[in-house]
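Below you'll find the structure, written out as structure tokens, and then a few comments.
The values are calculated or read from the model by the stated rules, or taken from the named source; none is laboratory data. Please read all numbers here as calculations on a predicted model, not as lab measurements. Cβ sites come from the backbone with ideal geometry, for glycine too, and all protein chains shown count toward neighbours.
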Amino acid sequence: MKRIIKFFTSIKLAIVLLIILAAASILGTLIPQGRSLEEYAARYGTLSTLFIRLQLTGLYHSIWYLALLGLFALNIIVCTLERLSPKWRRATKPHLVVDPKSLLALRANVRLKRNAPPADVQSEVTTLLAKARYKVRTERHGPRIALLARKRIGGIFGSDVVHLGLLIILAGGILSGVTSIRANIDLSEGDVKPVPKADFEVRLDKFTTEYYPDGSVKAWKSDLTVLEKKSPILSKTIAVNHPLTYKGYSFYQTSYGWNWDSPSVEIWAKSKSDPAFLKKMTLKVGERALLEDKAQTTIAVKGFFPDFVLGESKQPENRSDQPNNPAAVIEGFRGGEKIFYAYIFANPEFRDFAQMHAANEKDKGAETDLAFELKKFEAGQYSVLEAAKDPGANLIWIGCALLMLGLGLAFYWPTWEIKAVLEESQGKTELIAGGIAAKSREAFGAEFEKIASALRRSK
Amino acid sequence: MTESTIFLLTFILYIISAFFYLAFLFSKKPDRAKIGSVIAIVGLVLHTAALIVRTVESGHAPFTNMYESLSFLAWASVLAFIIIDKKFGVPKIGPYLMLIAIGLVALASSPLMPKDVTPLVPALQSYWLWLHVSVTLLGEAFFAVAFITSLMYLTAKEPEKRDRMDSVSYRCVAVGFPLFTLGGLVFGMVWAYKAWGTYWSWDPKEVWSFITWVVFALYLHTRIVMGWKGKRSAIIAIIGFLAALFTYFGVNYLLSGLHSYV
């Protein structure tokens, strides 16, 4: 048992754990995390099954990585506790040095004799030290007076506060992992949707995309209203970096998309034989309109592709949901009979690809008089929100505050100690003092010297 | 004056400063280091002006693309050096640090780095951009100074100079580590929580920040608890800076993730 405790309290274990943790973390950045089985198979071949079995593809959530973090936490707890009790004793029940010899061994030390009784020298020294903001304790040991002066004692607890902060951060991480709720909510304008595991709903009143003059996106904004039992509670416009928070839930603007099912398209029709003819139509998919040309053609919009591409079998396909290459499929009818169909493109570079295809052999040539252009298209956008409730986050902020406080204490709140022994000999008082500073030794040396010379000067 | 003119003048001043520091290195005449230091300070003032002009022109923080952030890192490194030199009197770092600053400015000016002022994407429109990036890069600048002093420790022969370099390295880490923790990890987590709804996503940049942090934690524990000094400390500080450099630079080009802005 003792050996086990000893193993956990050793700083060597901490060092080894930190190295393993760093190495494991590096491994996780070399192997892409959380991809599909196919991607791993293509990337690593036969090794991929081994990687997956060792949880290297979800490394930071793997049992062994979490175990490593757990071991690390345990090591921090044990190490900190072991060092804490002597420090606590040092802060609350300090041991005053009675033997002057050990004081002279300190880097900063002074030895002087004064023509005054010890009580006078003691009060003088105490006043000087108090002026320099030291807290002074004295004890009488027979003929000697032992004195201990300290400032910024909190500094010795810096590392403990850092460790406490880290433990709270780890605890926050566990709490987040176990209890956090996260869900994407797609909302078109006017939609009301329930928030997962909550007793309220959200409604999207308006979704807007703002652009910079160069056409890049400046902001996505969703006007949200929280509804409880169908009645509005509060409204806020959310954007990236500006979430709405209600009852522990936060709503983040994460993405957006287009409703491509029924976009409206503006089509211009021209006739080659009649330059004066121009017909502009705005239609939705599935709608039809009379062209009012000489041949009395009717045009129907059959479909729409936001990102048109010809697939492997030369079939039209949609590459993505982004309007990178919008195309509409139209059909022409005369006398109730389908005469032609065509793909027309919004992208000016592809206008020439708009080819008219005769619907059947006998109508070949009948369509060639007409030309179509896809001038505009409009589809409603929907907003994608992330609803998240993460009770662990508060622990994280407390942990972070302690972490920074601890680092501040450890590096910039140096504990300084001055110990002195006063002894009467032949009507005079001999003072021997020494000082220790774990940090900022030079500044401490200067301060010690200042106090010592003030004592030397005064008569 | 336009930003690019001021930036060019800064570059020239850094070169002149490096020249004087190199002259000091070879001649051992302290007045050359003094001139080098004054010119570096003038260069830093101009560099500050260039960053301000950039901020006013673009309307956002001057570290949203690689050009801007390299320039800012150079600025932070010169600032860190001037502070360390004022406090501990180590002009010998001068030539190496000014060479690094020149390298960073040259890299920023190279045609590889687009210099256009681009509008800020929605994710970066936050005051946390200022806090997160500036404090992190300032911390990394102190790591850069520690890197130089550690290398100088390893190459120095006189015991006195070695002690001095060892102690200055530690002082730099003592400044850089809290700054890096605050800017990189704490501010990073707060911002991630505000922008993405999660304070930690194990994104490669986050992981590498954590790795950098672990390396410097190792530096501090081996030094303070186990009493390591000198050579071993210097090697850890060098590894730590390289990790920080990879976090800043390598992750963008070699690993993909959420931090694909800069």
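Could you please let me know if B:Phe249 is in the same structural domain as B:Leu137 (by TED's automatic domain parsing), farther than 16 Å from B:Phe147 by Cα and over 15 Å from the mean Cα position of the chain (by Cα)? Answer is no for this residue.
Considering the conditions (1) surrounded by fewer than 18 Cβ atoms within 10 Å (Cβ to Cβ); (2) over 39 Å from the mean Cα position of the chain (by Cα), A:Asn259 is excluded by exactly one of them, (2).
Every listed requirement among (1) in a helix (DSSP H, G or I); (2) more than 19 Å from the chain's Cα centre (by Cα) is met by B:Arg171 save one, (2). Quick check: anything in the stretch A:259-269 in a strand (DSSP E or B), modelled with pLDDT of 85 or more and among the polar types (S, T, N, Q)? Yes, the stretch A:259-269 contains at least one residue that is in a strand (DSSP E or B), modelled with pLDDT of 85 or more and among the polar types (S, T, N, Q).
For the residues B:Arg171, B:Arg164, the requirement of being more than 10 Å from every other protein chain (Cβ to nearest Cβ) and basic (Lys, Arg) singles out B:Arg164. Among the candidates A:Thr138, A:Thr127, the residue that is in contact with a strand residue (DSSP E or B) (Cβ under 7 Å, 6 or more places away or on another chain) and not hydrophobic (A, V, I, L, M, F, W, C) is uniquely A:Thr138. Annotation: of all residues in the stretch A:1-29 being surrounded by 13 or more Cβ atoms within 10 Å (Cβ to Cβ) and more than 15 Å from A:Tyr65 (Cα to Cα), the one that is farthest from the other protein chains (Cβ to nearest Cβ) is A:Phe8.
Kindly indicate whether any position in the stretch A:377-397 is outside any strand (DSSP E or B), over 30 Å from A:Asp199 (Cβ atoms), within 11 Å of chain B (Cβ to nearest Cβ) and among the aromatic types (Phe, Trp, Tyr). Steps first, please.
Let us first name the residues in the stretch A:377-397 that are outside any strand (DSSP E or B), namely A:379-380, A:390-397.
Imposing the further condition that a residue be over 30 Å from A:Asp199 (Cβ atoms) reduces the set to A:379.
Checking the rest, the ones that are also within 11 Å of chain B (Cβ to nearest Cβ) come to none.
No, the conditions are met nowhere in the stretch A:377-397.
Is it the case that B:Trp208 is within 27 Å of A:Gly34 (Cβ to Cβ), in contact (Cβ under 8 Å) with a residue 24 or more places away in the chain and at the interface with another protein chain (Cβ under 9 Å from one of its Cβ atoms)? Spelling it out, B:Trp208 is indeed within 27 Å of A:Gly34 (Cβ to Cβ), in contact (Cβ under 8 Å) with a residue 24 or more places away in the chain and at the interface with another protein chain (Cβ under 9 Å from one of its Cβ atoms).
Using beta carbons and a limit of 7 Å, which pairs, at least six apart or on different chains, have the first residue in the stretch A:336-353 and modelled with pLDDT of 80 or more and part of a strand (DSSP E or B) and the second one small (Gly, Ala, Ser) and crowded, with 20+ Cβ neighbours inside 10 Å? These pairs meet every condition: A:Ile339/A:Gly332; A:Phe340/A:Gly332; A:Tyr343/A:Ala327; A:Ile344/A:Ala327; A:Ile344/A:Ala328; A:Phe345/A:Ala327.
Among the residues of the stretch A:209-231, those identified as more than 9 Å from chain B (Cβ to nearest Cβ) and either touching a residue at least 12 places away in the same chain (Cβ under 8 Å) or not in a strand (DSSP E or B) (or both) are A:Thr209, A:Gly215, A:Lys221, A:Ser222, A:Asp223, A:Leu224, A:Thr225, A:Val226, A:Leu227, A:Glu228, A:Lys229, A:Lys230.
Would you confirm, using the coordinates I've provided, whether A:Gly172 is within 11 Å of chain B (Cβ to nearest Cβ), crowded, with 17+ Cβ neighbours inside 10 Å and part of a helix (DSSP H, G or I)? Steps first, please.
Working: within 11 Å of chain B (Cβ to nearest Cβ): yes; crowded, with 17+ Cβ neighbours inside 10 Å: yes; part of a helix (DSSP H, G or I): yes.
Spelling it out, A:Gly172 is indeed within 11 Å of chain B (Cβ to nearest Cβ), crowded, with 17+ Cβ neighbours inside 10 Å and part of a helix (DSSP H, G or I).
Could you tell me whether B:Val45 is closer than 30 Å to B:Trp128 by Cα and not acidic (Asp, Glu)? So B:Val45 fits the description; yes.
Matching residues to (1) buried (at least 18 other Cβ atoms within 10 Å of the Cβ); (2) of a type in the set (Val, Ile, Thr); (3) within 17 Å of B:Gly103 (Cα to Cα); (4) touching a residue at least 60 places away in the same chain (Cβ under 8 Å):
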position	(1), (2), (3), (4)
B:Phe11	yes, no, yes, yes
B:Pro30	no, no, no, yes
B:Ala33	yes, no, no, yes
B:Val38	no, yes, no, no
B:Val42	no, yes, no, no
B:His47	yes, no, yes, no
B:Val56	no, yes, no, no
B:Ala61	yes, no, no, yes
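Residues in the stretch B:211-238 that are surrounded by fewer than 19 Cβ atoms within 10 Å (Cβ to Cβ) and either under 19 Å from B:Ala141 (Cβ atoms) or hydrophobic (A, V, I, L, M, F, W, C) (or both) were compared, and the one that is nearest to the chain's Cα centre (by Cα) is B:Ile235.
May I ask you to list the residues in the stretch A:243-256 that are without any contact (Cβ under 8 Å) to a residue 40 or more places away in the chain and either surrounded by fewer than 19 Cβ atoms within 10 Å (Cβ to Cβ) or among the basic types (Lys, Arg) (or both)?
Narrowing the stretch A:243-256 to residues without any contact (Cβ under 8 Å) to a residue 40 or more places away in the chain: A:243-245.
A:Thr245 - this is the single residue of the stretch A:243-256 that is without any contact (Cβ under 8 Å) to a residue 40 or more places away in the chain and either surrounded by fewer than 19 Cβ atoms within 10 Å (Cβ to Cβ) or among the basic types (Lys, Arg) (or both).
The residue pairs whose first member lies in the stretch A:70-96 and is in contact (Cβ under 8 Å) with a residue 40 or more places away in the chain and over 13 Å from A:Ser159 (Cβ atoms), whose second member is crowded, with 18+ Cβ neighbours inside 10 Å and among the charged types (D, E, K, R), and whose beta carbons are closer than 8 Å, counting only pairs six or more residues apart or on different chains, are A:Pro94/A:Arg150; A:Leu96/A:Lys419. Scanning the stretch A:182-195 for residues that are within 12 Å of A:Phe251 (Cβ to Cβ) and more than 14 Å from every other protein chain (Cβ to nearest Cβ) yields A:Leu187, A:Lys193.
Could you please let me know if B:Val214 is assigned to a helix (DSSP H, G or I), more than 30 Å from A:Thr254 (Cα to Cα), touching a Ser or Thr at 6+ places or on another chain (Cβ under 9 Å) and touching a residue at least 60 places away in the same chain (Cβ under 8 Å)? Explain how you work it out, then say what you get.
Numbers: assigned to a helix (DSSP H, G or I): yes; more than 30 Å from A:Thr254 (Cα to Cα): yes; touching a Ser or Thr at 6+ places or on another chain (Cβ under 9 Å): yes; touching a residue at least 60 places away in the same chain (Cβ under 8 Å): no.
So B:Val214 does not fit the description; no.
One residue stands out among those in the stretch A:92-119 that are surrounded by 13 or more Cβ atoms within 10 Å (Cβ to Cβ), assigned to a loop (DSSP other than H, G, I, E, B) and modelled with pLDDT of 90 or more: the one that is nearest to the chain's Cα centre (by Cα), which is A:Pro94.
Name every residue in the stretch B:109-135 that is within 14 Å of chain A (Cβ to nearest Cβ) and either touching a Lys or Arg at 6+ places or on another chain (Cβ under 9 Å) or among the β-branched types (Val, Ile, Thr) (or both), in order of residue number. Passing the criteria: B:Val117, B:Thr118, B:Pro119, B:Leu120, B:Val121, B:Pro122, B:Gln125, B:Ser126, B:Trp128, B:Val135. Of all residues in the stretch B:64-116, those being touching a residue at least 60 places away in the same chain (Cβ under 8 Å) and part of a loop (DSSP other than H, G, I, E, B) number 4.
Those residues that are within 13 Å of another protein chain (Cβ to nearest Cβ) and of a type in the set (A, V, I, L, M, F, W, C), I need them from the stretch A:398-424; list them, please. Write out each step before concluding.
Start the filter on the stretch A:398-424 by keeping residues that are within 13 Å of another protein chain (Cβ to nearest Cβ), which leaves A:398-414.
Of everything in the stretch A:398-424, those that are within 13 Å of another protein chain (Cβ to nearest Cβ) and of a type in the set (A, V, I, L, M, F, W, C) turn out to be A:Ile398, A:Cys400, A:Ala401, A:Leu402, A:Leu403, A:Met404, A:Leu405, A:Leu407, A:Leu409, A:Ala410, A:Phe411, A:Trp413.
Determine, yes or no, whether A:Ser235 is in a strand (DSSP E or B), small (Gly, Ala, Ser) and within 14 Å of another protein chain (Cβ to nearest Cβ). Against the criterion (in a strand (DSSP E or B), small (Gly, Ala, Ser) and within 14 Å of another protein chain (Cβ to nearest Cβ)), A:Ser235 does not qualify. I'd like the full set of residues that are at pLDDT below 90, loosely packed, with under 14 Cβ neighbours inside 10 Å and of a type in the set (S, T, N, Q), limited to the stretch A:426-459. Passing the criteria: A:Gln426, A:Ser458. If I ask for residues that are within 8 Å of another protein chain (Cβ to nearest Cβ) and either part of a helix (DSSP H, G or I) or not hydrophobic (A, V, I, L, M, F, W, C) (or both), which ones from the stretch B:192-205 would you list? Correct list: B:Tyr193, B:Lys194, B:Ala195, B:Trp196, B:Gly197, B:Thr198, B:Tyr199, B:Pro204.
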